[in-house]
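Only one structure is covered here, and it is reproduced in the block below.
The values are calculated or read from the model by the stated rules, or taken from the named source; none is laboratory data. Remember, predicted model here, so these are calculated numbers, not experimental data. So basically every Cβ, Gly included, is an ideal-geometry build from the backbone, and we count neighbours across all protein chains shown. Accessible surface areas use protein heavy atoms only, side chains included; no ligands, DNA or RNA. Shrake-Rupley method; radii C 1.70, N 1.55, O 1.52, S 1.80 Å.
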Amino acid sequence: PISNTRGLFPSSRERGTTAITFLYYRRGVGTTAQLALAQTYEGRIRSSGDPVTGVTGTIPAREAEFDQINRTLPLVEAATVGLIALVLLVVFRGVGAPLVALGAAGLSFLISVRVLTWTADRMGTEVPREVEPVLVALLLGLTTDYAVAVTGTGAQAQEVFDALRGSSSFDPTFD
């Protein structure tokens, strides 16, 4: 541990108030296990009566960020899917286009997750959990754009693109 007892940090006005412990793990220990071990270490220090601020670093920060994303992502996904369905329903005046676009997005997500997991298993690694929100956003956008471009006329497609992007600056070329 590094502490401020010996004046190692000349700018510190206090002595004996801070100790920083760096934890090192064997190669191959996953991030979830690292966080659990760090929290166990923190619990042991705290149970001995010493004050502990907490576990800090990139792994706890990453976990906190992921937890926040995980809490809000379902609401954002539902709102996005609802907006896409509504816009497609209004523009195409039927349920076919929304079903094709959202069905293709769902199917492509399931296939992509399986392929990514299979590939990671073969390579002896794991897919970071942060990939899911990015994958959802990309696949919703790509499949919606492609489904609209394939199922609609150029004018309908332009109307959908404008409505979903909030501007008319996007100008794809349709034959």
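On full extension, the segment bounded by Thr31 and Arg93 gains 17.4 nm, given 0.36 nm per residue less the C-alpha separation.
Spin-label pair Leu107-Arg46: with each label point 7 Å from Cα along the Cα-Cβ axis, the two points sit 5.0 nm from one another. Remark: accessible surface ordering of Val150, Val113 (largest first) is Val150, Val113, probe radius 1.4 Å.
Over region 29-78, accessible surface divided per residue gives 70 Å², non-protein components excluded, 1.4 Å probe. Here r is the Cβ-Cβ distance between Val127 and Leu86 and R0 is 22 Å; the resulting FRET efficiency, rounded to 0.05, is 0.10. Between Leu135 and Ala61, the simple spin-label model (points 7 angstrom out along Cα→Cβ) gives 2.6 nm. Spin-label model, Thr117 to Leu73: label points 7 Å out along the Cα-to-beta-carbon direction sit 1.4 nm apart.
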